[in-house]
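The values are calculated or read from the model by the stated rules, or taken from the named source; none is laboratory data. Since the model is a prediction, treat every value here as computed from it, not as a measurement. Counting neighbours? That spans all protein chains shown, and the Cβs are built from the backbone with ideal geometry, glycine included.
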Amino acid sequence: MQTISINGRFLGQPLTGVQRFALELTRALDRRIGAGTVPESLKAARWRLLAPRDAPKTHEFRHIALERFGPFSGHLWEQTALARRAAGDILVGFGGSGPLLHRRQIVVIHDVTIFRHAEAFSTSYRATHKLLGFGLTRTARVATVSRFSRGELGAVFGVAPETIPVLYNATDHFSGIVPDETVLQRLGLEGAKFFFMLGTLKPNKNVDFAIRAFDALGDTGWKLVIAGALDRSGVFKADTPAIADNLIFTGRLTDPEIVALERRARAFVFPSLYEGFGIPPLEAMTQGCPVLAADIPAVREACGDAALYFDPRDRADLESAMRRIMGADDDAAGLVEKGRANLARFSWNKSAETLLSTLSDMAAPRR
């Protein structure tokens, strides 16, 4: 019997984009296994989720068995305990890492930000992930999350792009969240007109750029609300903007709080300089929030014609886009309806189907 093991290291990590991808795709696989909608070659397969012993227990997977083991965690666990337990299995890794010597393995590498924006990472992180990237692209099958990233992986690691499956991110999980409206009162936003964005201090996220563009609009009475682990002293690279009172830094928020803000915001701003895909704009679209997005390849691929684009290095271009939103009484550009149509291109079920097709090829008898 063929065994397919999923690298469950993500279960013990904070839930950010990569971990969300891993969790939702595992859920989609579990549903398809239960429904029997898997390739014929995989219908008799045994499925398991292998995780470090200190990963939290979960009972949500009905058809994928959770096994927790090993004295270590992190990369050391992957290269030792996981490598031993998964020997002989087809191994699936969703987070860009895995045992370097495991030959029947598919690993999702989301982007090559460590090469394009090295300043965003520590020296040790860059060294570790460069080693993993070059090693895994030579011993494992590689997948990624966009056609853009497929080209980037080919350019950086010398892998033929046509051999790299694309497993898109999706937003199914976000569209059903019940909003927590109390966040509006807590932040003083009831009845306010505001732009909303999610931010981190990584240089490629370009938060300071967006703040400066908003500042250049003057005191319009509008606010810019920025969610994430930010503080004013960490964001501003030079002097504090003149209209800092109209900037609201919320700190980390729950998904229901983010949903509430996206439903009330006049637009979601996404100023990134580099992304492997760009999931936050799509999440905003699920809530009927118009999107102002950086005109970069991965975001174009994700958002299609459903965003108002700006040059993420030209502050005046973003100012112009913001003024267009401010001057419209409603969704003049039709972005809400375009957003809904755009979302239909992506689903975790479709991505699971693509992955299952690849796994079926890997399970075929070797000649």
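Kindly establish whether LEU224 is in contact with a helix residue (DSSP H, G or I) (Cβ under 8 Å, 6 or more places away or on another chain) and not in a loop (DSSP other than H, G, I, E, B).
Yes, satisfied.
Are there any strands (runs of 3 or more DSSP E) wholly within segment 1-70 with 3 or more residues that are without any contact (Cβ under 8 Å) to a residue 24 or more places away in the chain and of a type outside the set (Lys, Arg), and if so which?
Because the criterion is at least 3 residues that are without any contact (Cβ under 8 Å) to a residue 24 or more places away in the chain and of a type outside the set (Lys, Arg), the strands (runs of 3 or more DSSP E) in segment 1-70 that meet it are 65-69.
Restricting segment 160-200 to residues that are closer than 30 Å to HIS129 by Cβ and among the acidic types (Asp, Glu), which is surrounded by the fewest Cβ atoms within 10 Å (Cβ to Cβ)?
Here the residue is GLU162.
Please determine, by comparing only the residues of segment 121-159 that are closer than 30 Å to GLY304 by Cβ and among the hydroxyl-bearing types (Ser, Thr, Tyr), which one is surrounded by the most Cβ atoms within 10 Å (Cβ to Cβ).
Ranking the candidates gives THR144 first.
Six or more apart or on different chains, Cβ under 9 Å: which pairs go from a residue in segment 187-200 that's in contact (Cβ under 8 Å) with a residue 40 or more places away in the chain to one that's of a type in the set (Val, Ile, Thr) and assigned to a loop (DSSP other than H, G, I, E, B)? Could you list them?
Taking only residues 6 or more apart or on different chains, the pairs are LYS193/THR220.
Checking GLY88 against (1) surrounded by fewer than 20 Cβ atoms within 10 Å (Cβ to Cβ); (2) within 22 Å of the chain's Cα centre (by Cα); (3) over 25 Å from GLU283 (Cβ atoms), which single condition isn't satisfied?
Here GLY88 clears every test but (2).
Suppose we keep only residues that are of a type in the set (A, V, I, L, M, F, W, C), without any contact (Cβ under 8 Å) to a residue 12 or more places away in the chain and more than 22 Å from GLU301 (Cα to Cα) within segment 317-367. Which one would you say is surrounded by the most Cβ atoms within 10 Å (Cβ to Cβ)?
The residue in question is ALA328.
Scan THR37, THR26, THR58 and give me the residue that is modelled with pLDDT under 95 and either of a type outside the set (Lys, Arg) or on the phi > 0 side of the Ramachandran plot (or both).
THR58
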